[in-house]
Each structure stands twice: as C-alpha cells, then as structure tokens.
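Enquirer: The structure is given below, and queries will be raised subsequently.
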Amino acid sequence: MTTKQYKIAGMSCAACSAAVEKVTGKLKGVSASSVNLTTGILTITFDEKEVGEEAIKSKVIRAGFGIEEKEEETRQETKLRREKEEKKQTAMKRTVWTNILLSLPLLYLSMGHMLPVPLPLPNIVSMEKHPLYFAAAQWILTTIILINGRRFYVSGLKKLFRGIPNMDSLVAVGTGSAYLYSLVMLWNIQRGGDHVHHLYFESAAIVVTLVMLGKYLEERSKGKTSDAIQKLVKLTPDRTILVKKGQQTEVLIEEIRPGDRILIRPGDRIPLDGEVIEGVTSVDESMLTGESIPVEKEAGSKVTGGSMNYQGAITVRVEKTGEDTTLAKIIRLMEEAQGKKAPISKLADKAAGYFVPAVMVIALTAAVVWALLGYERSFVLNVFVSVLVIACPCALGLATPTTIMVGTGLGAGNGILIKSGEALETAHRADTVVLDKTGTITRGTPQVTGILPADKAEEVLALAASCERSSEHPLGRAIVERAKEKGSEFFETEEFTSITGKGIGAKIRGKAYLLGNGKLLKEAGIFPGDYEKTAKEAANRGETPMYLVEEGQVKGLILVADTIWDTSREAIRKLKEMGLQTVMLTGDTQLTAEYIGRQVEIDRVIAEVLPQDKASVVEELQKKGRRVIMVGDGVNDAPALVQADVGIAMGKGSDIAIDSGDVVLMKQDLRGVEKAIRLSHATIANIKQNLFWAFFYNVCGIPLAAGVFYGWNHVLLSPVFAGLAMSFSSVTVVGNALRLRRLKL
C-alpha cells in the first residue's frame, strides 16, 4: 500500500471535500481517502497494483476539481506561492469592496422608500413616475455585482450538473432564481405591466456580496490558523557567510553543503544544523524548545537552524541542509499533522455529503407547499431562495480542521510537536501514563552524587578523575566531568589497566591506584572499612559506590547515580492531579526502581523489564481497559510508543528522534506531557463547540427560512438576512478556533 498527498483545487465547502473522498474512496484498491478542507490536501492510501495515480486524478477531475501531486517546495517556490496567495486575497478584497459600494445605491433604490422616513429618489429613477428606469437601474447594478461573483455560478452550476452540488450550487440556484424572476418582472414592466414591487434584484445582489464578504473573512481567518508554520518558515535566512580558505563570501543557503563552514555574526539567525568549531556565544532556541532562556554555546556544541545567535560570533561546521534539518522536519511534521483529520470529524463529514442535496429538496418542497397553500409567487420565491442561501456546509467542514491547525501550531510554539489530529484527540481520553525511567524521569547519564571523606573530597576527585581520564565507561566519564566542573588538577597516569566489570587500575607519581566496585576490593583482598555501610546504603538508593584505593588502602568513596530531572516530581504531581494513573517502567532492579519511584511519588513501579518486553506491558494495561499514553526517549522505547494509544517521545535538542511517537517533546522536560494532555482537552472542547454551533445553526436556520414559524407569528427570513447569517456562521467557527491561541500552556 502507498500513501500519497495531492493538492485539490476548486473546493469551497465540506460538500466538496466529501465529494472528493466519495469518488476516490470507491476506487478498487483504495483503502483510505481523506480530504482536509482547510489545507486543501487529499491524503489517499492505495494499492499501486490495483489502481494507478492517473485513475485517481481522472476521478477527481471528472468530479469537477483540480488535482496535482503535493511536492516538497524550495524556499523560492514557497515564497512565490505565498506571494500568489496574498495577491489573490488582495484581489478578493478589492472585488468585495467594489460589490459593497455598488450595493449601497442598490439598497437605496430598492429599500429607501420602505424606511420610517422615506428617502427621496431622483425623478429619473422614481418608482411611480419612471418604473422602467427604476427597475433598469437595479438590474444594471445587480448584473455588475453578479458578474463579480461569477465564481459561484461557474463552480456551483458545474458541480450541480455533475451530480455533486456544493455550497456554491445553493448560492447559484438561489440568487439565480431571484435574478431570473426579477428579469421577467422587468420585461413585464417594459410592456406596461405593474410589477415594480415584485423585483428581487437586491436580494440576489446583496446575498452574493455577503457570501463573498464571508468567504473573504473566512480566508483571512484561515490564514491566521497557519501562522505557526509561516513563522517557522521565516526563521531561516535566505543567505549566510561561507568561510572557505580564509575568505568570507555571502552565499544563498541552497549553495551550502554538509561540511562547509559558515560564520554566524551577533544578531544573526543560524541557518542550518551544525557544530560550533570556534567562538563562544549564547543562543535563543525558543523556536525549538519553547524555552526563552538562552543556551550557552562553545566549541563542540550543537546548534539548530532557525535559532537566534546573541552576542558572540561563532564559526559553525554544517552537518544538515535542506529537508534534513531539524526545522525542515518540524515544518513537514506540522504540515502533515494539519493535513490529517481527527476521528471526531467523521460525523460532520458524513453529514456534509448528504447536506446540499437535502437542502435543495427542503427548499423545493417548502416552495411547492406554500404555492399549493395559495401564497403569491413573491412569497414562494422568498422561501425558496432563503432556504438555499442560509444553509451552510462550510461551518461543518471548518469546525475540526481549523481547530486542529490552531492546536498543533500552539503546541509547536511551546515545544510540543503533534503528528496528527488523531493523537490530539486520543490524548484527552487517556487515563494512564506509562513513563520510561532512564532518560525520561531520570537524566539517563550518570552523575557524581557524593564523595567521601568530605574533608578530602577535592583530592579524592582529582585522583579518581586522573585514573578515569583514559576510560570510556559512563561512570568514569561522570567522574571526569565532575572534576572538570570543579576545576580539579589532572595528574599524569601510567600503566592504565581496565578490569572488566570491576573497575580500573593505574599508577600516579609512582603510587598504585585502584578505582572500582566491591568485587574489585574482594578480589584484591582489600577490606572497605568504615565505607562499607555507606556503600550498602547508597546501593539501596540506586547509587553505584566506587572505592578509590591507594597502595592497598581505601582512600575514599565516590557515589555515582542516574539522577532525577529537576522537573520530574512536579510533572508527575500534575499528571496525578489530572486524575491520571502514573506508572514507571524500567529495566533496573526492583530495589533501585522503587527508590526512584518513591522520590517522584509515582503510583506504580514495574521493574526488571527488558526493552523488547515494554510493549507487552503496555498491551496488558490496554487489555484491562486502560487508555495508555507511553512516554519514552523515542529510540529504545519505540515498540512501546507504537503500541500505546498515544506515544510521546522525549526530545533531546537537534538529536531528537522525530520519527518516534505520535507527539514529540522538543525540550527535555516531563512537564510537556501534562501540557500536551491539557492542549488535547482544550482542542477537543473547542471542536465540540464548533460542531455544536455548526449543527445548531442549520437546525434553527433552515426551518426559519422555510417559513415553518410563519403561521405562528408571521416570521419569515428574507434572503438578505439568510445570506448574512450563512456568511458569518463560517467566520464564527473559524474565530472560535482562533480563540484557542490564547490558551496558556
């Protein structure tokens, strides 16, 4: 099976997206077809042996839509596309304002005499003295307005004749009926008839103008939902300074290759991922992690494209370019997430597929019923047009994807990358959070936690670090790193020996030293003395005791352990406050795991689990009816992340395992899990609000337009107000989605 994405052109409402899904989903060999109305992207999974791309494209084209394969864009192509979109929006704005200005005199002519204080009309267009001129003036203004809104007729009638009517079809049929009816009345006036009071030019014109205004506001609002991606795209500069053979040359980013050296001046953005080889500075990586505190960088430090260099000039060796950079992967991840649908949208999609035909049937039925009841033609036309115009499948289609776009954008701004709407939706239903210990709750790298005796700590550390300087063991590296932090003196070593599983041996200034565990001392026949009790207590806390022996005598004890992240306790407390059960999963011994569990106050500890068995533990919890979120480092925990209802991978800067998990935390902070779940709750609540208003609006609006309440209190909705309500229903839904941006995580 192959999954591909295509750009669909010509969609205007949820009925359009439903039609594309329907025609493509029926093809033999297609297992899934989903269209996102907001992004205009078709995601389709199919068997290439049974159906080809040409067959898929042919079906979409025959349905009346444009289609082209979605391809990765160069920076220049992205820039040109955005410029084209801005020009289109500007042209749309200009047309809307033209129609509004033309509508003002039209309303003056058609409704000025109906005001409590009638507005005077010039004799040349007087209704009583010159009815033909009066009607002709309205016809001319209306015709210009309808020509400006011709896209509704071109698209709507084409879709209607193809048997897949959409929102444009409703507008075209409704306003077209009013316009044609008024033309007939205009002909009768020209022949001397008294039909000047039966003109509906203004209804057709004002409805088209209002729908165009609503579409413009909708497009502008939808543009704001993708602000997060646009901001990320703008983070990478177009040019940088290439350093080659001592010469500095300003070049385009596209010309840079891995291994090239580039100069980053103070105040410049770092264009690509790489390693600092010269200079010291601090860098703002908030675009990546959501953390506003600058990170210090020096030779050997990794830097990420898009981050901001502050006060120091640095030279960077480029490691990743183009689509391989972390920023490019984040942008691609967000685009994919925003192009996918959440399961909650299925109800709206299903309704949208039947919505437009049902509305046409209701409009025709209501018109026939009122005609049979003996009401005049103008009343019947009013009902017919109002029902067609007020119905709005757009609100249904926009309810979910706009909120998903805002939610994923908000998450990205806080260092939380959400891969799909499904993950965003599923997270809010979770009741259990399983956390890997190493690298998630704890730092994943050993650190020195204690040195004895305290009064000789500096000397013990210096000697131990000197012995371990040639070692590659993680515990040895932890001791060396602590010595560097403390500024300890390193001594020259001789005769370095590694004793597998026990420790090391070395000579310093002619004296023999051993550094290792209890097994090393036992093998050498050395008694640990007063340090034995302390070592046992440390081992019970999950720490590793390492004895320093000088010439056969224990000189000191160094304790090393994988320490807990500063934020782990707070994060787990917040998860428990949300009513979630917390479980720690680790391959460590039961004793060590329980000690860490007590430190962070976790609900349950599952220890001595091999990496390949972690997925089975998650599966067992699921069989008991638990909805599980698995949090791990994104590499060793990959099977468990996939097995869980939602997998959350903890990030480590630019080395993040982006392909692991449904959600990726760019910052090494467990509090991001609680933020992701809270974002899920807020997003789903926003979607439910949108769906409620979309359905509620149509449930109330269509009967009102059909005249259901007319016999009760003579309330009948005019086409003008129907058009206004229809236009702003979509704007309301998008506006409610944008409200989510104010959420503080």
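The values are calculated or read from the model by the stated rules, or taken from the named source; none is laboratory data. On a predicted model such as this, the values are computed, not experimentally measured, just so you know. Positions of Cβ are generated from backbone atoms using ideal geometry, with glycine treated the same way; all protein chains shown enter the neighbour counts. The area values use the complete protein model at the heavy-atom level, side chains included, leaving out ligands, DNA and RNA. Shrake-Rupley method; radii C 1.70, N 1.55, O 1.52, S 1.80 Å.
Enquirer: Could you tell me the convex hull volume per residue, in Å³, taken over the Cα atoms of the stretch 19-76? Can you show the working numbers first?
Expert: Details: hull volume 5.6 nm³, N = 58.
It is 96 Å³ per residue.
Enquirer: Mind putting a number on the dipole of the stretch 538-587 about its Cα centre? Charges go on the C-beta only, +1 for Lys and Arg and -1 for Asp and Glu, and I need it in Debye to the nearest 20. Mind showing how you got there, number by number?
Expert: Details: 6 positive and 7 negative charges, 67 e Å.
Dipole about the Cα centre, nearest 20: 320 debye.
Enquirer: In addition: Nearest 5 is fine: what % of DSSP beta bridges in the chain come out antiparallel, could you say? Could you put the intermediate results ahead of the total?
Expert: Working: 73 of 92 bridges.
In the chain, DSSP labels about 80 percent of beta bridges as antiparallel.
Enquirer: Can you list the residues, at least 5 places off or on another chain, whose amide H is less than 5 Å from the amide H of Gly415, using H built in the peptide plane?
Expert: Excluding prolines and chain starts, which carry no amide H, the hits are Gly290.
Enquirer: Looking at the stretch 233-323, which GluC sites (Glu not before Pro) are DSSP coil and have at most 16 other C-beta atoms within 10 Å of their C-beta?
Expert: On the way: sites: Glu250, Glu254, Glu255, Glu275, Glu278, Glu285, Glu291, Glu296, Glu298, Glu319, Glu323; in loops: Glu285, Glu291, Glu298.
Within the stretch 233-323, the qualifying GluC sites (Glu not before Pro) (loop, at most 16 other Cβ atoms within 10 Å) are Glu291, Glu298.
Enquirer: Treating cross-link reach as a plain straight distance, find the aspartates and glutamates whose alpha-carbon is under 13 Å from the alpha-carbon of Lys158, omitting any fewer than eight places away in the same chain.
Expert: Within reach: Asp168.
Enquirer: Rounded to the nearest 500 deg cm²/dmol, what is the calculated helix-only ellipticity per residue at 222 nm for the chain, with -39500 (n - 2.57) per DSSP H run of length n ≥ 4? Provide the component values of the computation, followed by the final result.
Expert: Numbers: 26 runs with 370 residues, N = 745.
-16000 deg cm²/dmol, from helical runs alone.
Enquirer: Probe of 1.4 angstrom, ligands and nucleic acids ignored: what's the accessible area per residue over the chain, in square angstrom? Walk me through the numbers on the way to the answer.
Expert: On the way: 34660 Å² over 745 residues.
Per-residue value: 47 Å².
Enquirer: Right, something else. May I ask you to give the average projected area over all directions of the convex hull of the Cα atoms of the chain, in nm² rounded to one decimal? Before the final figure, lay out the partial values.
Expert: Values: hull surface 174.5 nm².
It is 43.6 nm².
Enquirer: Once amide H atoms are placed 1.01 Å from N in the peptide plane, what residues at a sequence separation of 5 or more from Ser420, or on another chain, have their amide H within under 5 Å of its amide H?
Expert: Those lying under 5 Å, H to H, from Ser420: there are none.
Enquirer: For the chain, with all protein chains present and a 1.4 Å probe, just round the carbon and sulfur fraction of the accessible area to a whole percent. Walk me through the intermediate numbers first.
Expert: Numbers: 18880 of 34660 Å².
Carbon-and-sulfur percentage of accessible area, whole number: 54.
Enquirer: Please report the net charge: other residues with Cβ closer than 12 Å to the Cβ of Gly556, K and R +1, D and E -1. Numbers along the way, then the final one.
Expert: Values: positive: Lys456, Lys555; negative: Asp455, Glu458, Glu459, Asp530, Glu550.
Summing Lys/Arg as +1 and Asp/Glu as -1 gives -3.
Enquirer: Something else now. Toward the positive end of the charge dipole of the chain, about the Cα centre and with charges on Cβ (Lys, Arg +1; Asp, Glu -1), which of Thr402, Gly300, Leu373 goes farthest?
Expert: With unit charges placed on the Cβ atoms, the residue in question is Leu373.
Enquirer: I would also like to ask the following. When the dipole is taken about the Cα centre of the chain, and only Lys, Arg (+1) and Asp, Glu (-1) are charged at their Cβ, what size is it in debye, to the nearest 20?
Expert: Values: 91 positive and 85 negative charges, 556 e Å.
Using only the charged Cβ atoms, the result is roughly 2680 debye.
Enquirer: Here's a follow-up. Which GluC sites (Glu not before Pro) from the stretch 375-477 combine a DSSP loop assignment with at most 10 other Cβ atoms within 10 Å? Spell out each step's value before the answer.
Expert: On the way: sites: Glu376, Glu422, Glu425, Glu458, Glu459, Glu468, Glu472; in loops: Glu376, Glu472.
Here the sparse-neighbourhood loop sites are Glu472.
Enquirer: While we're here: Taking the dipole about the Cα centre of the chain, with the C-beta of Lys and Arg at +1 and of Asp and Glu at -1, give me whichever of Ile441, Thr732, Ser34 is farthest to the positive side.
Expert: Of the candidates, Thr732 comes out farthest on the positive side.
Enquirer: If one takes the longest principal axis of the Cα atoms in the chain, at what angle in degrees, from 0 to 90 and to the nearest 10, does the Cα axis of helix 53-62 lie?
Expert: It works out to around 30 degrees.
Enquirer: Here's something else I'd like to know. Among Ser498, Ser182, Val280, whose Cα sits farthest toward the positive end of the charge dipole of the chain (+1 at Cβ of Lys/Arg, -1 at Cβ of Asp/Glu, about the Cα centre)?
Expert: About the Cα centre, the residue reaching furthest to the positive side is Ser182.
Enquirer: Where does helix 614-623 land angle-wise versus the long Cα axis of the chain, in degrees 0 to 90, nearest 10?
Expert: With both axes taken from Cα atoms, the answer is about 50 degrees.
Enquirer: As I understand it, the value is the acute angle between the Cα axis of helix 167-190 and the longest principal axis of the Cα atoms of the chain; what does it come to in degrees, rounded to 10?
Expert: 20 degrees
Enquirer: Ok, one more. Select from the stretch 498-592 those trypsin sites (Lys or Arg not before Pro) which occupy a DSSP coil region and have at most 11 other Cβ atoms within 10 Å, ordered by residue number.
Expert: Arg509
Enquirer: Quick one: dipole size for the stretch 477-594, taken about the Cα centre, charges +1 on Lys/Arg Cβ and -1 on Asp/Glu Cβ, in debye to the nearest 20.
Expert: On the way: 18 positive and 19 negative charges, 27 e Å.
In total the dipole reaches around 140 debye.
Enquirer: Related question: Provide the gained length on full extension for the span Phe490 to Lys507, in nm with one decimal, where the gain is 0.36 nm per separating residue minus the Cα-Cα distance. Display every interim value, and only then the final one.
Expert: Numbers: separation 17, 0.36 × 17 = 6.12 nm, distance 1.30 nm.
Extra length available between Phe490 and Lys507 comes to 4.8 nm.
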